[in-house]
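Computed from the coordinates by the stated procedures, all read-outs in this text should not be read as laboratory data. All figures in this text were calculated on a predicted structure; none of them were measured in a lab. Cβ: placed from backbone, ideal geometry, glycine included. Neighbour counts: every protein chain shown.
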Amino acid sequence: MLHDQRVAEKRAGNLACIQSLFHRPGSLLNVFADGLFLLFPLWKIIVARIIQKKICMLGDFAVGKTSLVRRFVEGRFDDRYLSTIGVKVSRRRVLLPGGQEVHLLIWDLAGSEEFVDVQQNYLLGAAGALLVCDLTRQSTLESLERYARQLDSITPGVPLLILGNKKDLTEARQVSGGNLETMAQRLRTTWFTTSAKTGENVEQAFSDLTARIFAEWGSHHGRR
C-alpha cells in the first residue's frame, strides 16, 4: 500500500510539473501550445475556403474539347490533332470574386463512340459540364441535346454551358449564333463561341461555369 501511494504521488508530481511547463509564461512549450491553438482555427478556415469541383467536357469526336482544356490549363494550343485515349483529368485553380478559391478537376473523355460505355463513371459526381460543338459541323450541335440528357440522368440539375468552338475558322462555319441560341433555350442555359487556337472566350467560359457551379453550391449549402 505504501509503495502504491508513493507511485501515485510521484505520478501526480510529474503531471503537475508538465502542466506548469505549459502554463509558465514565456516557456517554449507554452509558446508552442499557444501557437497550436492559434493555427488550428486558421487551418480550419483555409481548408474550408478551398472547394474542389468536377467539370466534364462533353461533345462529339474532334470538336476541340482537349484543345480547350489545354488552352485553359496550360495557356497553349497545338495545331496537331489531340486524340484523347480514355479519360484525362486536368486541374486548375480559379479565384472567384470575393476571394473564394475553387479547384477545378476537368474531365476530358475520348470521342463519342466510346462515351456510352463509361458515361456513368465519367459523369458521376460532376458539378457542371461544358457541352462543346464544332462551328464547322452542324451535326455536332444537334448531338449536345443527347449529352445533356445523359448528364441529367446521372447528375440532374447541374449547371452546364454550350461552347461553339473553332470560331477562328470563319469561312467554314456552319453553325450560326441563332442555332446556338435555339439549342441554349432547349437546354435552359447560355452559350459562348470560343477558339482554342486564339484563346478567345476560353477563360471567360470556364470562369462563367465555375461561377454558376459555386452559386448553385452556395444556395444548397446555405439551406443546410
- Looking only at region 123-160, and only at residues there that are assigned to a helix (DSSP H, G or I), surrounded by fewer than 20 Cβ atoms within 10 Å (Cβ to Cβ) and not charged (D, E, K, R), the one that is nearest to the chain's Cα centre (by Cα): ILE154
- Task: For residues that are among the small types (Gly, Ala, Ser), surrounded by fewer than 22 Cβ atoms within 10 Å (Cβ to Cβ) and not in a loop (DSSP other than H, G, I, E, B), tally how many sit in region 196-219.
- Result: 5
- Task: Take region 123-167 and flag every residue that is among the basic types (Lys, Arg) and either in contact with a His (Cβ under 8 Å, 6 or more places away or on another chain) or under 16 Å from PHE61 (Cα atoms) (or both).
- Result: ARG137, ARG146, LYS166
- Query: Of everything in region 161-195 that's assigned to a loop (DSSP other than H, G, I, E, B) and of a type in the set (Lys, Arg), which residue is farthest from PHE72 (Cα to Cα)?
  - Reply: ARG188
- Task: Out of the residues in region 161-179 that are without any contact (Cβ under 8 Å) to a residue 40 or more places away in the chain and surrounded by 21 or more Cβ atoms within 10 Å (Cβ to Cβ), state the one that is nearest to the chain's Cα centre (by Cα).
- Result: ILE162
